[in-house]
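K.L.:
Pasting a structure below so you can have a look.
The values are calculated or read from the model by the stated rules, or taken from the named source; none is laboratory data. Here the structure is a predicted model, which means the values were calculated and not measured. So basically every Cβ, Gly included, is an ideal-geometry build from the backbone, and we count neighbours across all protein chains shown.
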Amino acid sequence: LWEGVDIGTKYGGRTRPVHHVQILDHPKHKSTRVTITISEGRNRQVRRMFHALGSGVMKLKRVQIGQHLSIEGLAEGTWRILSEYEVRKSLEWQ
(Lines give C-alpha, C1' and ligand atoms only; values in the text may rest on other atoms or scores of the structure.)
Protein backbone atom coordinates (compact mmCIF):
# COMPACT_ATOMS: atom_id res chain seq x y z
CA LEU A 1 0.00 0.00 0.00
CA TRP A 2 2.87 2.39 0.65
CA GLU A 3 4.01 2.19 -2.98
CA GLY A 4 0.52 2.05 -4.44
CA VAL A 5 -1.39 -1.01 -5.60
CA ASP A 6 -1.49 -2.40 -9.12
CA ILE A 7 -5.20 -2.61 -9.91
CA GLY A 8 -4.63 -3.72 -13.49
CA THR A 9 -3.75 -1.99 -16.74
CA LYS A 10 -7.43 -1.84 -17.71
CA TYR A 11 -8.11 0.36 -14.65
CA GLY A 12 -5.06 2.61 -14.87
CA GLY A 13 -2.27 0.46 -13.45
CA ARG A 14 -0.67 1.38 -10.14
CA THR A 15 -2.55 3.70 -7.78
CA ARG A 16 -0.91 6.52 -5.87
CA PRO A 17 0.33 5.50 -2.42
CA VAL A 18 -2.24 5.33 0.37
CA HIS A 19 -1.89 8.20 2.87
CA HIS A 20 -3.29 6.38 5.89
CA VAL A 21 -4.63 2.93 6.79
CA GLN A 22 -5.84 1.98 10.25
CA ILE A 23 -7.52 -1.19 11.47
CA LEU A 24 -10.51 -0.16 13.58
CA ASP A 25 -11.76 -3.54 14.78
CA HIS A 26 -12.72 -7.11 13.88
CA PRO A 27 -16.51 -7.27 14.34
CA LYS A 28 -16.68 -10.87 13.11
CA HIS A 29 -14.25 -13.74 12.66
CA LYS A 30 -13.79 -13.12 8.93
CA SER A 31 -14.22 -9.34 8.76
CA THR A 32 -12.13 -6.30 9.57
CA ARG A 33 -13.16 -2.65 9.69
CA VAL A 34 -10.55 -0.21 8.42
CA THR A 35 -10.23 3.49 7.68
CA ILE A 36 -8.26 4.42 4.58
CA THR A 37 -7.21 7.77 3.12
CA ILE A 38 -6.37 8.00 -0.58
CA SER A 39 -5.48 10.96 -2.77
CA GLU A 40 -7.31 9.96 -5.93
CA GLY A 41 -10.71 8.51 -6.64
CA ARG A 42 -10.73 6.22 -9.64
CA ASN A 43 -13.92 4.28 -10.35
CA ARG A 44 -14.27 1.51 -7.71
CA GLN A 45 -10.65 2.13 -6.69
CA VAL A 46 -10.88 1.02 -3.07
CA ARG A 47 -12.65 -2.22 -4.00
CA ARG A 48 -10.06 -2.92 -6.71
CA MET A 49 -7.17 -2.17 -4.33
CA PHE A 50 -8.39 -4.59 -1.69
CA HIS A 51 -9.19 -7.21 -4.34
CA ALA A 52 -5.61 -6.90 -5.69
CA LEU A 53 -4.38 -7.61 -2.14
CA GLY A 54 -6.52 -10.74 -1.91
CA SER A 55 -9.36 -9.30 0.15
CA GLY A 56 -12.93 -8.28 -0.59
CA VAL A 57 -14.97 -5.26 0.43
CA MET A 58 -18.44 -5.80 1.85
CA LYS A 59 -19.38 -2.18 2.57
CA LEU A 60 -17.90 1.26 1.86
CA LYS A 61 -18.73 4.58 3.47
CA ARG A 62 -17.20 7.82 2.17
CA VAL A 63 -16.93 10.40 4.92
CA GLN A 64 -14.88 13.18 3.36
CA ILE A 65 -13.78 14.55 0.00
CA GLY A 66 -10.61 16.59 -0.07
CA GLN A 67 -8.92 17.84 3.05
CA HIS A 68 -11.74 19.98 4.45
CA LEU A 69 -14.91 18.97 2.64
CA SER A 70 -17.06 16.71 4.80
CA ILE A 71 -20.21 15.03 3.54
CA GLU A 72 -21.75 15.05 7.00
CA GLY A 73 -25.46 15.74 6.90
CA LEU A 74 -26.02 14.40 3.39
CA ALA A 75 -28.41 11.49 3.21
CA GLU A 76 -27.28 8.39 1.33
CA GLY A 77 -27.75 8.80 -2.42
CA THR A 78 -28.20 12.58 -2.28
CA TRP A 79 -25.94 15.36 -3.52
CA ARG A 80 -25.57 19.13 -3.37
CA ILE A 81 -23.93 21.86 -5.41
CA LEU A 82 -20.62 23.10 -3.99
CA SER A 83 -20.12 26.78 -3.35
CA GLU A 84 -17.36 28.63 -5.20
CA TYR A 85 -15.43 28.81 -1.91
CA GLU A 86 -15.61 25.02 -1.44
CA VAL A 87 -14.34 24.40 -4.96
CA ARG A 88 -11.46 26.88 -4.70
CA LYS A 89 -10.34 26.30 -1.11
CA SER A 90 -11.41 22.83 -0.02
CA LEU A 91 -10.63 21.04 -3.27
CA GLU A 92 -7.69 23.35 -4.11
CA TRP A 93 -8.95 23.90 -7.68
CA GLN A 94 -8.38 27.10 -9.62
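K.L.:
Of everything in the stretch 4-42, what is charged (D, E, K, R), surrounded by 10 or more Cβ atoms within 10 Å (Cβ to Cβ) and not in a loop (DSSP other than H, G, I, E, B)? Give them in sequence order. Outline the logic, then answer.
P.N.:
Here is the first cut: in the stretch 4-42, the residues charged (D, E, K, R) are 6, 10, 14, 16, 25, 28, 30, 33, 40, 42.
So of that shortlist, the ones also surrounded by 10 or more Cβ atoms within 10 Å (Cβ to Cβ) come out as 6, 14, 16, 33, 42.
If the condition is that a residue be charged (D, E, K, R), surrounded by 10 or more Cβ atoms within 10 Å (Cβ to Cβ) and not in a loop (DSSP other than H, G, I, E, B), then ASP6, ARG14, ARG33 are the ones that fit.
K.L.:
Further question on the same structure: Filter the stretch 43-93 for residues that are of a type in the set (Lys, Arg) and either surrounded by 10 or more Cβ atoms within 10 Å (Cβ to Cβ) or at positive phi (or both) and give the result. Quick ask: steps written out before the conclusion?
P.N.:
First, pick out the residues of the stretch 43-93 that are of a type in the set (Lys, Arg): 44, 47-48, 59, 61-62, 80, 88-89.
Across the stretch 43-93, the qualifying residues are ARG44, ARG47, ARG48, ARG88, LYS89.
K.L.:
Sticking with this one: Being modelled with pLDDT of 90 or more and not polar (S, T, N, Q), is that true of even one residue in the stretch 60-71? Don't jump to the end; show me each part of the working.
P.N.:
Going through the stretch 60-71, the residues modelled with pLDDT of 90 or more turn out to be 60.
Retained after the next criterion (residues that are not polar (S, T, N, Q)): 60.
There is at least one residue in the stretch 60-71 that is modelled with pLDDT of 90 or more and not polar (S, T, N, Q).
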